[in-house]
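Encoded as structure tokens, the structure appears first; notes follow it.
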Amino acid sequence: MAGRQQLRAGGGALIVRVEANPYAYLAHHGTSPLVRLEVGTGWTAISADTDARPLNTVFAHSFTVRGLPGRVRAICGRAPHSRAQDWWVGPDAQPSGLAARLEALGLEPLPPVRMMTARLAAVTPAERRVDVRPVTTRAELADFMGVYASAYGWTAVTSDFGHRVLASLFSASSPDDAPLGHVVVRADGTPVAVASVFRHEGVAGLYNVATDPRARGRGFATAAVRAALSRAYDDGLRTAVLGAEPGAEGIYRRIGFTNTGLLHRLRYTAPAADGRIRPQDARRTHPA
């Protein structure tokens with residue numbers, strides 16, 4: 001059963017399609033007035049004139065092999081700008097081996113993320129001595145974005161756009177009811193680590209785990225993760241999914257996550273004069 005794992009929660013069996021939450025998370029960004037959401041036959045895309053990720057991403061693919069090169073160019077050509085676009089290819093993408101087919105067309109492979117799932121009942125709560133709080137005000141949202149932008153080296157322009165997108169999705173009147181919630185860890189009053197949870201169909205997706213570079217190696221990101229998942233548990237969710245960046249799997253295993261498959265990522269840049277898709281510099285940071 002590719003891309004799925006059977007988990008026990010509340011005494012019953014729960015089948016988790018690991019791509020469902022990440023794809024819904026991307027689509028949620030498309031509800032911002034600053035982001036363009038387009039749903040085609042067998043694909044979905046979000047785009048904006050910015051380097052802020054996860055914007056400019058194509059996902060939820062269900063294609064046929066015939067005519068694939070033309071479809072790839074046509075889909076990316078629909079973006080209202082010339083920026084590179086990333087393709088997220090999950091375990092259930094069609095046709096089989098889609099990531100390899102896209103790479104053969106010239107898309108640049110980025111490091112894949114390891115999809116992982118956990119029973120939230122098995123996740124250790126955040127340590128009480130850590131100052132970690134949910135984001136409930138726009139000022140706290142600015143603190144969240146400050147840490148995130150610092151962690152990933154975003155420019156002021158990129159950070160400002162990312163902040164405005166999150167602010168447009170933020171419900172100041174009822175933040176607890178919003179599908180996307182955030183937490184911030186502080187040390188001596190200074191924001192040092194963040195994490196987000198996206199709630200979709202009874203599953204909590206973990207995203208945006210980041211630590212200020214000056215505060216790394218002190219367990220703050222782990223505290224943010226535990227706090228975010230503990231809040232999801234308190235909200236009645238019993239299953240979590242995440243995409244672990246290379247090198248981060250061990251952190252998540254220690255708090256109860258297990259591997260379920262790979263989410264491949266590839267980058268598309270507009271075709272060169274000879275018609276072949278040009279590889280894009282894959283070194284640019286791409287947080288999921």
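The values are calculated or read from the model by the stated rules, or taken from the named source; none is laboratory data. It should be emphasised that the depicted structure is a prediction, and the values quoted were computed from it without experimental measurement. Neighbour counts are summed over all protein chains in view; Cβ atoms, including those assigned to glycine, are modelled from backbone coordinates with ideal geometry. Keep in mind that these areas ignore ligands, DNA and RNA; they rest on the heavy atoms of the full protein, side chains included. Shrake-Rupley method; radii C 1.70, N 1.55, O 1.52, S 1.80 Å.
Is it fair to say Thr158 is over 20 Å from His28 (Cβ atoms) and either hydroxyl-bearing (Ser, Thr, Tyr) or surrounded by 17 or more Cβ atoms within 10 Å (Cβ to Cβ) (or both)?
Answer is no for this residue.
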Query raised in the report: Do you know which residues across the stretch 60-98 are touching a Lys or Arg at 6+ places or on another chain (Cβ under 8 Å), open to solvent by 40 Å² or more (accessible area, probe 1.4 Å) and assigned to a strand (DSSP E or B)?
Result: none
Report summary line: Among Val185, Val192, Val241, the single one that is within 19 Å of Ala118 (Cβ to Cβ), modelled with pLDDT of 90 or more and not in a loop (DSSP other than H, G, I, E, B) is Val241
Report summary line: Screening Ala210, Ala232, Ala223 for residues that are within 24 Å of Gly153 (Cβ to Cβ), open to solvent by less than 30 Å² (accessible area, probe 1.4 Å) and not in a strand (DSSP E or B) leaves only Ala223
**Report entry** So Arg101, is it crowded, with 17+ Cβ neighbours inside 10 Å and modelled with pLDDT of 90 or more
**Finding:** yes
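A quick yes/no check of all residues on (1) charged (D, E, K, R); (2) closer than 29 Å to Gly153 by Cβ; (3) modelled with pLDDT of 85 or more:
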site	(1), (2), (3)
Asp51	yes, yes, yes
Pro54	no, yes, yes
Phe59	no, yes, yes
Val65	no, no, no
Leu68	no, no, yes
Ala74	no, no, yes
Ser82	no, yes, no
Trp87	no, yes, yes
Requested in this report: Say whether the condition of being within 13 Å of the chain's Cα centre (by Cα) and surrounded by fewer than 21 Cβ atoms within 10 Å (Cβ to Cβ) is met by at least one residue in the stretch 239-248.
Outcome: yes
Requested in this report: For Pro191, state whether it is within 14 Å of Ala151 (Cα to Cα), surrounded by fewer than 16 Cβ atoms within 10 Å (Cβ to Cβ), in contact (Cβ under 8 Å) with a residue 24 or more places away in the chain and more than 14 Å from the chain's Cα centre (by Cα).
Outcome: no
Query - Near pairs, Cβ below 8 angstrom, 6+ apart or cross-chain, from the stretch 139-152 (at negative phi and surrounded by fewer than 22 Cβ atoms within 10 Å (Cβ to Cβ)) to any residue that is polar (S, T, N, Q) and part of a helix (DSSP H, G or I) - result: Gly146/Ser159; Ala149/Thr158; Ala149/Ser159
Report task. Tell me, please, whether a residue that is modelled with pLDDT under 90, surrounded by 14 or more Cβ atoms within 10 Å (Cβ to Cβ) and either of a type in the set (Asp, Glu) or more than 20 Å from Val89 (Cα to Cα) (or both) can be found in the stretch 263-272. Result -> yes
Query raised in the report: Do we find that Leu237 is in contact (Cβ under 8 Å) with a residue 12 or more places away in the chain and closer than 28 Å to Ser47 by Cβ in this structure?
Result: no
